[in-house]
Amino acid sequence: LDQTTPHIAIFPTAGMGHLMPFLRLAAMLATRNCTVTVIAAKPTVSAAESDQLSSFFATHQNIKCLEFQLLPYNPTTDIDPFFAQFIAISNSVHLLHPLLSNTSPPLSTFIADFTIASSVCKIATDLSIPTYVLITTSARFFSLLACHSQLVENNAKKGGGEGVDYIEIPAGLPPVPLSSIPPPFFNPNHYFSAIISANAPSFTKVNGILVNTFDWFESATIEVLNSGRVVRDLAPILPVGPLESFKFGHAPNLPWLDNQPAKSVLFISFGSRTALSKDQLSELGVGLEKSGCKFLWILKGSKVDKQDKEEIEEILDESFLERTKNRGMVMKGWVNQEQILAHPAIGGFLSHCGWNSVMEAARQGVPILAWPQHGDQRVNAQVVENAGLGSWARDWIGEKILVKGEEIEEKIREIMRLENLAKASEVREKARHAREIGGNSEQAIQGIIEASKQ
Ligand code: BUP
């Protein structure tokens, strides 16, 4: 075994929000003199995932792909297809053992998604190699996952949240509004909750918990988690973010954007899994039009892209498209989001606050107007606001309420103000320091590589 080039296996699970950070980490390790194998579970849920995997391996030929055919899983109930994939991967993961015990060179470290942490821990123990989990959400939301069983128990004692506005977190971390916690979190019969309870115990068994965040951005949370006071014997939290973007086959071809003045365009995307209702999309159009702001809007018509067949003109009013054609651009399909956020014309980001999007905006210094929808997004939106990267439109409560165009107009005007850019630039500088040689995030990555050589 060549002790100078460790062989690290990387295992993402389902959805772009989980795949992107793993591919980024894989590329970063490969450029830091590691042999890297990415385990790609097939079939994927979305076309975006399989396209991304193909283009990634085409442009990173030094990274090995281990195609992992999943056992068929046919849920009897109506279940979110991405959750179904987490379960399918969990059900198949034992089949990995023989594939990983014979690799050449032998594996030195295993880094996996937290949704399969327990099974991966067993394999890594058998192979006598260190295991890490990579957390694809904020350290703040992770603190809820880490003490899930305790929070569920406390909630049950308090009568299932009746009359409770805030959830207390151990060790003096600020309480979280109950309205920010996804309801399935407290429902032991829900897949989301079952996945957390099955895997949270391994947070004390792994060698480290990598989080795509940086010390400056979430310092208080990271410090408290690492004090051992939230969960006794919790593995060390290692902030490794913001993860660097990897090389792509081609640059975005957006001549319209290239011709816009610096920092004048609002970028709008609700991530890979959130489709707003048609009524809400139309109100967003009203808000955009009234604000007078230039915009680049990535439109999504359904949760899984394979079903997203409608044309832009079938989703948005044609007269809106006609009236705004000189100062706005609406697109469907996959764009390279981080490259767009890095574009000099982008001056704001209306975002659902998926955590990767937050880290990309931090890395590029783009102020966020947070319109979280579900899952971890409200907790992430609070982190964004606390760090000074943007503001959270708190009253826009997820999927249930129709937010009117006038309210959207006002918030858009606010986020495009110059003072927000100054604050976001400061965040960008802190993010860059974390990634420089000697910065906390870079040191954490180097620590994992060194530990893999032993
Ligand atoms: Br859509 C889209 N291009 O067109 P999040 C997304 N992305 O590069 P999500 C593109 O996918 P969860 C597109 O830059 C980010 O890296 C984006 O992850 C990229 O949101 C990733 O931001 C999306 O975490 O995940 O997918 O909604 O719901 O798990 O937060």
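Where a number appears in this text, it was derived from the coordinates with a stated rule and is not lab data. These numbers come from a predicted model, not from an experiment. Neighbour counts run over all protein chains shown; Cβ positions are idealised from the backbone, glycine included.
Values for this structure:
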{"quantity": "Spin-label proximity, R32 to the stretch 425-454 - amide N less than 13 Å from point 7 Å beyond Cα toward beta carbon", "calculated": "434-453"}
{"quantity": "Between the stretch 148-207 and the stretch 342-413, the alpha-carbon center distance in angstrom", "calculated": "24"}
{"quantity": "From the C-alpha gyration tensor of the stretch 1-127, square roots of 5λ in Å", "calculated": "25, 18, 11"}
{"quantity": "Cα coordinate range in the stretch 405-447, projected on the principal axes (Å, largest first)", "calculated": "50, 18, 7"}
{"quantity": "Packing rank of 134-140, 338-344, where each peptide gets the mean count of other beta carbons within 10 Å, highest leading", "calculated": "134-140, 338-344"}
{"quantity": "Column: log10 I(q)/I(0), Debye, Cα scatterers of the chain, q = 0.06, 0.12, 0.13 Å⁻¹", "calculated": "-0.25, -1.06, -1.25"}
{"quantity": "Rel. contact order, % - alpha carbon contacts under 8 angstrom, at least six apart, the chain", "calculated": "16"}
{"quantity": "Radius ratio Rg over Rh of the stretch 261-361, counting only Cα atoms, Kirkwood formula for Rh", "calculated": "0.94"}
{"quantity": "Listed peptides 225-238, 282-295 by packing density, highest first (mean Cβ within 10 Å)", "calculated": "282-295, 225-238"}
{"quantity": "Contour minus Cα-Cα distance for E426 and D78 (0.36 nm per residue)", "calculated": "120.8 nm"}
{"quantity": "Cα-based convex hull volume of the stretch 107-155 per residue, rounded to whole Å³", "calculated": "82"}
{"quantity": "Of K247/K453; K309/K423; K42/K300; K247/K290, pairs whose Cα-Cα distance is over 32 Å", "calculated": "K309/K423; K247/K290"}
